[in-house]
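Okay, structure first, notes after.
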Amino acid sequence: METVFKEITPENINDNVFGLIGTDWMLITAGTQDNFNTMTANWGGLGYLWNKNVCFCFIRPPRYTYDFMEKTDIFTLSFFEEKYRDILKFCGAKSGRDVNKINETGLVPVHSDSGAINFKQARLTLECKKVYFHDITPNNFLDSAIPAFYPKKDYHRMYIGEIMRCLAK
């Protein structure tokens, strides 16, 4: 049976963004049809900036997905039902340098005309175009608890992406 996605506007996302990202988690995916990687994340957000509907997400430079984000302009944020939690855990714990996450998890990639990689199992996917990045700098920390997130001093790069399409089940 073919999975049918419908395109919705970002304004019609009914989920609570704090639960969607912070609790439910997401896969950040970047690359090309022939060579891509995905990773689990739960830091980010959705909003409105520069007269655009945007998302923002964070990737540490040592992560394999970082290289794909740097080389391509398009990326996706994919959200799943709770029954896929083990897949999200796997994609967060394993590196694409060491394992083929697609083969190991059974995720089914769906390639969009935009070049984005979506997943058949996702319940919501945001196809995004990078519009800005910024490297987190410790000199700007105003909360003394933040350095504890960086024991290796591998500070995240924040990406802001314009949401080009929202695909929902």
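Here, each number is a calculation from the coordinates, and none is a lab measurement. Quick caveat: nothing in here was measured; it's all calculated off a predicted structure. Every residue, glycine among them, receives a Cβ derived from its backbone with ideal geometry; neighbour counts consider all protein chains shown.
Structure summary
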| read-out | value |
| --- | --- |
| Relative contact order for region 103-169, counting Cα pairs under 8 Å that sit 6 or more residues apart, in percent | 39 percent |
| Order of Arg85, Arg123, Arg97 under a 10 Å beta carbon neighbour criterion, fewest first | Arg97, Arg85, Arg123 |
| Helix-only mean residue ellipticity at 222 nm for the chain, each DSSP H run of n ≥ 4 adding -39500 (n - 2.57), per residue, nearest 500 | -3500 deg cm²/dmol |
| Extended-chain gain in nm, criterion 0.36 nm per residue less alpha-carbon gap, Leu49 and Arg97 | 13.9 nm |
| Stokes-Einstein diffusion coefficient of region 12-169, Kirkwood radius over Cα pairs, 4 °C, 1.567 mPa s, in µm²/s | 81 µm²/s |
| Under 5 Å, built H, 5+ apart or other chain: amide partners of Phe80 | Arg123 |
| For region 127-135, Karplus couplings with θ = phi - 60° (6.51, -1.76, 1.60), whole Hz, Gly/Pro x | 8, 10, 10, 4, 10, 6, 9, 8, 8 |
| Whichever aspartates and glutamates have a C-alpha closer than 16 Å to that of Lys152, once near sequence neighbours (fewer than 8 apart) are set aside | Asp135 |
| Exceeding the 24 Å Cα-Cα cut-off - candidates Lys83/Lys120; Lys89/Lys169; Lys52/Lys120; Lys94/Lys120; Lys6/Lys71 | Lys52/Lys120; Lys6/Lys71 |
| Normalised contact order of the chain, rounded percent, pairs of Cα under 8 Å and 6 or more residues apart | 29 percent |
| Pair Phe149, Lys6: separation of 7 Å Cα→Cβ label points (nm) | 3.6 nm |
| Peptides ranked, highest mean first, by Cβ atoms within 10 Å: ranges 6-12, 70-76 | 70-76, 6-12 |
| Long-range amide H partners of Val131 with built H, under 5 Å | Ile160, Gly161, Glu162 |
